[in-house]
Amino acid sequence: MTQASASKTDLFLTEADQFSARNYKPLPVVLERGEGAWVWDVDGNRYLDMLSAYSALNQGHRHPAIVAAAEEQMSKLTLTSRAFHNDQMGPFVRDLCEATGYEKALPMNTGAEAVETAIKMVRKWGYQVKGVPEGKAEIIVCENNFHGRTTTIVGFSSEDQYREGFGPFTPGFVLVPYGDADAFEAAVSEHTVGFLVEPLQGEGGVIVPPEGYLSRTAEICRERRIAFMGDEIQTGLGRTGRLFCCEWEDVRPDVLIVGKALGGGIYPVSAAIADAEFMDVFQPGDHGSTFGGNPLGAAIGRASLRVILDEKLSERSDELGTWFMGRLRDIGSPHVEEVRGRGLMIGVVIKEASGTARPFCEALQARGILAKETHHQVIRFAPPLTIDQATLEDALVDIEAVLRG
Ligand SMILES: *Cc1c(COP(=O)(O)O)cnc(C)c1O
């Protein structure tokens, strides 16, 4: 890197540091352009994006079909609020229901809002339909979870840093170990209304639960009349080699929560999806969002979903992911404890004796590959699902050099 370019990057780093909160510790790279699986920094260096904005970019950067839908909608109408109808929301929720096989979908913006929507829906269902006494509803959640950053959601996190200094928290959540169906069953009470779970924990370190965990807990939910709430914000829309990760165990959640890639990397679009039994607990005025279901977001969401389906990105993720995971294992690096994941949601676990994952991510950045560590020891590889095998093949040369180094 030349002296001049170093100072250009530094200027942006300094500004962000001086004028914003320090709630992230990003890699020191300043991006200004993206296309497909590639991004360019302010100095013109090109990088392969192996994070995909935590799977919000499954369709790649600026997918032409999604950009075109956004531009077309921007030239017509962008926001109405839900005080009026718009001609984009109906087709969007219809498409979402058709693609997922549910009766209703409630569009929101960020993932955390969709999770909050699901929590409110299931609590109210618990009182009105299941008959749990007012104020007693319990939702079972898993240790090591990540469901977003609102005060209610961090209140049931098992991660100290997510909670510290932000209490007091919302009661009514019961934590159980992830991957242990017996522990889940033991935690069920007469007041249990819901089970909120990630079918594969992403932020928690790319943790694949033991086989049978999802189907077993779903069965217990059916028997005990508990709403199984699948948080597929990160795992959904093709990321794990299926349209939804719960399909790996033929589980159909009662409430399906989607976000991230539903916005095609352009705009925040999320949704809580369920049958009428659950969705119909909401009456006018019960819940809302100024931007939820807006015509721009709906047009983008619709196009984003269409790209996932039309380009068969789930199948692509399955094939490329299986192959790529095998190649990563074949490297046989002395620093690597395990390579795990599903589809193109892959975690490379660095041995404690070899330090943390962060220096490996920095070394990858120096070689033009952007990946981010999660939970100290794990390098997450989650490129756009539109990536091709040749590009991954090239990346493996650099990944191998870094993992062996
Ligand atoms: C990212 C994520 C969320 C939160 O989504 P935001 O859009 O950041 O609010 C919730 N659940 C899971 C599993 C996620 O990966």
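Assorted remarks:
- Counting neighbouring Cβ atoms within 10 Å and putting the fewest first, the residues Trp248, Trp125 line up as Trp248, Trp125.
- Fraction of beta bridges assigned by DSSP in the chain that are antiparallel (%, nearest 5): 65 percent
- From its DSSP helices (H runs of at least four residues, each -39,500 (n - 2.57)), the chain gives a residue-normalised ellipticity at 222 nm of -11000 deg cm²/dmol.
- For the peptides 254-261, 98-105, the ranking by mean Cβ contacts within 10 Å, running from highest to lowest, is 254-261, 98-105.
- Taking θ as phi - 60° and the Karplus parameters 6.51, -1.76 and 1.60, the scalar couplings of the stretch 199-210 work out to x, 8, 7, x, 4, x, x, 6, 9, 8, x, x Hz in sequence order, x denoting glycine and proline.
- Residue exposure sequence - Cys221, Cys142, Cys97 - by fewest surrounding Cβ within 10 Å: Cys97, Cys221, Cys142
- Considering only Trp323, Cys97, Val208, the residue lying farthest towards the positive end of the dipole of the chain is Cys97, judged by Cα position with unit charges set on Cβ.
- Whole-number percent relative contact order across the chain, with pairs defined as alpha carbons under 8 Å at least 6 apart: 23 percent
- Filter on Lys104/Lys124; Lys260/Lys312; Lys25/Lys351 - keep pairs with C-alpha separation over 20 Å: Lys25/Lys351
- Cα lying deepest toward the dipole's positive end in the stretch 106-261, options Thr117, Ile139, His191, charges on Cβ: Thr117
- Relative packing of 382-394, 30-42, which averages over residues the other C-beta atoms within 10 Å, highest first: 382-394, 30-42
- In a reduced charge model with +1 at each Lys and Arg Cβ and -1 at each Asp and Glu Cβ, the stretch 1-104 shows a dipole moment near 200 debye about its Cα centre.
- In this Cβ point-charge picture (+1 for Lys and Arg, -1 for Asp and Glu), the chain has a dipole of about 520 debye about its Cα centre.
- Residue among His287, Thr80, Gly236 farthest towards the positive dipole end of the stretch 64-310, charges placed on Cβ: Thr80
- From least to most packed, judged by other beta carbons within 10 angstrom and beginning with the fewest, Asp231, Asp160, Asp49 follow the order Asp160, Asp49, Asp231.
- Axis angle, to the nearest 10 degrees, between helix 111-125 and the longest C-alpha principal axis of the chain: 20 degrees.
- Rounded to 10°, Cα long-axis angle of helix 64-74 versus longest principal axis of the chain: 60 degrees
- Structural descriptor for the stretch 335-405: relative contact order 31 percent, calculated from alpha carbon pairs under 8 angstrom and at least 6 residues apart.
- Cα-based helix-to-principal-axis angle, 3-19 vs the chain, degrees rounded to 10: 30 degrees
- Bridge type composition, the stretch 124-256 - antiparallel percent by DSSP, nearest 5: 5 percent
- Rounded to whole numbers, the Karplus 3J(HN,Hα) couplings from phi for the stretch 344-358 are 9, 10, 10, x, 9, 8, 8, 4, 4, 5, 9, x, 8, 6, 3 Hz, using 6.51 cos²θ - 1.76 cosθ + 1.60 with θ = phi - 60°, and x at Gly and Pro.
Any read-out appearing in this document is the output of simple, stated calculations on the displayed coordinates, not a laboratory observation. Since this is a predicted model, take the numbers as computed values, not measurements. Every residue, glycine among them, receives a Cβ derived from its backbone with ideal geometry; neighbour counts consider all protein chains shown.
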